[in-house]
């Protein structure tokens, strides 16, 4: 039993090190990504939108999220809000066109959810998609990872 525990902790510390060495943030497989570092999860004609782990990592601690009104129209590549961090304010662009049907009210009290849970609790808006064809303009997880690597290597 003791040797199995020792092996498990050794494996865990090895995994932690190898993950750390990847050098880039986590990317979720079943999402689509915009080159402005937003992600979108498509479910029928509904789209949940947030900023990527890569984006929140570059921004630093988020202190405020400016949300649009429910009912507002968004267009692919158009700004709809902003994320303010201790370092900078960054506009948020919509990866798809449509109508805002829900905003994440939790972010008013807990903007740090964007940092701690960018793909889950830190989502920003939900949109009723008006043109599903736009989704093919977005990157998949592998393309986005490569895009981030290239972008980071330029800085």
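Coordinate-derived values only; no laboratory data. Just so you know, these numbers come straight off a predicted model, no measurement behind them. Glycine also receives a Cβ, built like all others from the backbone with ideal geometry; neighbour counts cover every protein chain displayed.
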Net length gained if the chain between residue 72 and residue 130 were fully extended (0.36 nm per residue, minus Cα distance): 19.6 nm
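Does the stretch 39-155 come out rounded, prolate or oblate by the C-alpha gyration tensor, with a ≥ b ≥ c the root eigenvalues, rounded set by a/c under 1.5 and, if not, prolate when a/b is larger than b/c and oblate if not? Mind showing how you got there, number by number?
Values: a/c = 1.82, a/b = 1.10, b/c = 1.66.
Because a/c hits 1.5 or more and a/b fails to exceed b/c, the stretch 39-155 counts as oblate.
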Per-pair calculated FRET efficiency, R0 = 25 Å: residue 46 and residue 142 via Cβ, rounded to 0.05: 0.55
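For a Förster distance of 35 Å, can you work out the FRET efficiency between the beta-carbons of residue 105 and residue 153, rounded to the nearest 0.05? Don't skip to the end; give the middle numbers.
Numbers: r = 38 Å, r/R0 = 1.09.
Efficiency, from the Cβ-Cβ distance: 0.40.
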Cα centroid separation, the stretch 76-142 to the stretch 35-68 (Å): 4 Å
